[in-house]
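Read through the structure below, which is laid out as structure tokens, and then see the notes.
The values are calculated or read from the model by the stated rules, or taken from the named source; none is laboratory data. From a predicted model like this one, the values you see are computed outputs, not experimental measurements. A quick note on method: Cβ atoms are made from the backbone with ideal geometry, for glycine too, and the neighbour counts reach across all protein chains shown. When the accessible area is computed, the model is the full protein with side chains, heavy atoms only, and any ligands, DNA or RNA have been set aside. Shrake-Rupley method; radii C 1.70, N 1.55, O 1.52, S 1.80 Å.
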Amino acid sequence: MNQQDLETRFQDKIDREVKIEAKDWMPEAYRKTLIRQISQHAHSEVVGMLPEGNWITRAPSLRRKAALLAKIQDEAGHGLYLYSAAETMGVSRDQLLDELHTGKAKYSSIFNYPALSWSDMGAIGWLVDGAAIMNQVMLQRTSYGPYSRAMIRICKEESFHQRQGYEILLTLVRGSAEQKAMAQDSLNRWWWPSLMMFGPSDAESTHSEQSLKWKVKRKTNDVLRQAFVDATVPQAQYLGLTIPDPDLKWNEETGHWEFGPIDWDEFWNVVKGNGICNRQRLRDRVNAHEEGAWVRDAAVAYAQKKEARKAVVTP
Amino acid sequence: MKDWPLWEVFIRSRNGLDHKHVGSLHATDWEMAIENARDVYTRRNEGVSIWVVESKFIHASDPEEQDSMFESARDKVYRHPTFYDIPDEVGHM
């Protein structure tokens with residue numbers, strides 16, 4: 001079968017909603033797109049642990065601490081599911097980690113913002129995980145089987161992340177005036193970066209059209225962003241907090257919340273490495289990897305020792 | 001991770017059900033693979049039993065030959081109960 005026929009048959013499978021599996025023929029560009037997207041997603045889970053890790057020892061109660069630990073543990077697990085899915089496409093884990101550590105691969109820019117107060121743990125759970133869930137719910141139906149299955153598993157676990165965040169804020173807004181102000185301050189800082197998580201607007205998005213045709217993505221950045229705003233505004237109102245957007249208003253006709261312009265200069269600036277925490281996050285990640293090298297070496301040595309001992313016992 | 005082989009993980013969610021493939025992970029040996037599988041794939045009581053198989057030992061049919069591979073079953077409708085006409089009066093059979 002020639003290249004053209006293979007590609008026609010591939011697209012036909014996608015159009016019929018038949019999932020693509022690891023050993024199936026796929027265009028090189030599809031493989032590349034997915035490796036890039038899945039590994040970026042995996043890196044985001046891993047780097048996403050850093051801003052939260054800072055607050056484990058500062059959690060205000062044992063209940064909050066246990067929840068935060070469990071959330072961070074989930075994120076490590078989600079990173080693993082995603083790396084595994086990427087590896088089914090013939091790329092090695094070492095190669096992926098190397099791309100992250102050398103700054104060649106990207107991760108979600110949201111993690112280049114600092115988590116300054118305890119209420120940021122609430123805002124991150126509610127907004128950042130909320131935005132991630134919007135995207136991940138869609139990706140459960142992505143055309144690549146291993147990615148889709150990883151997403152289904154992740155979505156099952158993710159809902160607690162958002163709920164625990166919202167509960168943190170709910171507790172703060174019912175507390176003292178200072179606590180409520182702290183919650184408002186978190187919303188002020190995290191709102192716009194959360195909207196940017198969905199990526200450039202459809203008109204500016206370079207990968208969108210092909211990704212939709214291949215059903216790697218099922219909805220556009222702008223559609224997902226709007227769905228997030230519509231879901232989140234009433235939740236902010238319930239908290240009694242004000243979304244930092246003077247242009248925000250309900251449109252009776254469309255049934256959607258209209259929001260003001262996004263500062264794309266800020267977005268691209270952070271993507272290009274000039275956010276508040278870009279350098280710190282990468283440094284912490286590389287340090288964690290390098291300082292953990294002895295654990296990986298010891299595990300290999302231990303496995304070899306066990307193997308050698310077994311050979312002696314059973315001649 | 002270079003020296004850590006890849007393992008496929010299978011989980012039995014409760015007794016009476018089959019082990020089902022849930023994903024994969026890297027580990028130095030089967031014992032570490034089971035311990036890690038517990039930590040990443042059963043954090044919410046998803047399982048009562050874990051199997052791990054080193055990925056290199058799994059052999060798979062070729063997806064390119066899917067059509068010819070499974071073709072012989074396609075025209076054998078008489079293997080299905082609905083192929084046979086039994087009057088309704090006979091009841092469930």
#### Entry: Three-way shape call for the range A:1-147 based on the alpha-carbon gyration tensor, with the a/c threshold at 1.5
prolate
### Query
So what's the back-of-envelope 222 nm ellipticity for chain B, counting only DSSP H runs of four-plus at -39500 (n - 2.57) apiece and dividing by all residues, rounded to 500?
-5500 deg cm²/dmol
### Å² per residue, accessible surface of the range A:144-189 at 1.4 Å
46
### Summary
Expected integer from the mean partner chain Cβ neighbour count at 10 Å over A:289-295 is 0
### Query
For the range A:1-64, what value does the Rg/Rh ratio take when both radii are computed over Cα atoms and Rh is the Kirkwood radius, given to two decimals?
1.34
### Query
Which value, in square angstrom to the nearest 100, describes the accessible area buried between chains B and A on both sides, using a 1.4 angstrom probe?
1900
### Query
Based on the Cα gyration tensor of the range A:161-250, what are the three equivalent ellipsoid semi-axes, each the root of five times an eigenvalue, rounded to whole Å and given largest first?
31, 13, 11
### Task
Count the net charge of all other residues whose Cβ sits under 14 Å from the Cβ of A:L248, scoring Lys and Arg as +1 and Asp and Glu as -1.
-2
## Note on the structure
Along the range A:177-184, Karplus-curve 3J(HN,Hα) (6.51, -1.76, 1.60; θ = phi - 60°) to the nearest Hz, with x for Gly and Pro, reads 4, 5, 5, 5, 5, 5, 5, 5
#### Entry: Karplus 3J(HN,Hα) series, Hz, for the range A:267-274 with 6.51 cos²θ - 1.76 cosθ + 1.60 (x for Gly, Pro)
4, 5, 4, 6, 4, 6, x, 9
### Query
What distance in nm separates the simple spin-label points at B:D3 and B:E71, each placed 7 Å from Cα in the Cβ direction?
4.9
## Note on the structure
Over chain B, with neighbouring protein chains present, the accessible area per residue in Å² at probe 1.4 Å is 77
### Query
Across 5 Å bins from the origin, how do the percents of Cα pairs in chain B run, short distances first?
3, 11, 15, 12, 10, 10, 11, 10, 8, 5, 3, 1, 1, 0
### Query
Roughly speaking, to the nearest percent, how much of the protein assembly as shown's 1.4 Å accessible area is carbon and sulfur?
54
### Task
Return the sequence-ordered ³J(HN,Hα) values of the range B:50-55 in whole Hz as given by the Karplus equation 6.51 cos²θ - 1.76 cosθ + 1.60 applied to θ = phi - 60°, using x for Gly and Pro.
10, 10, 10, 10, 5, 4
### Query
For the protein assembly as shown, taking Cα atoms only, what is the radius of gyration to one decimal and the Dmax to the nearest whole Å?
24.6, 81
### Query
Relative to the isolated chain, which residues of the range B:36-56 have their accessible area cut by 10 Å² or more in the presence of all protein chains (1.4 Å probe, heavy atoms, no ligands or nucleic acids)?
B:V40, B:Y41, B:R43, B:R44, B:E46
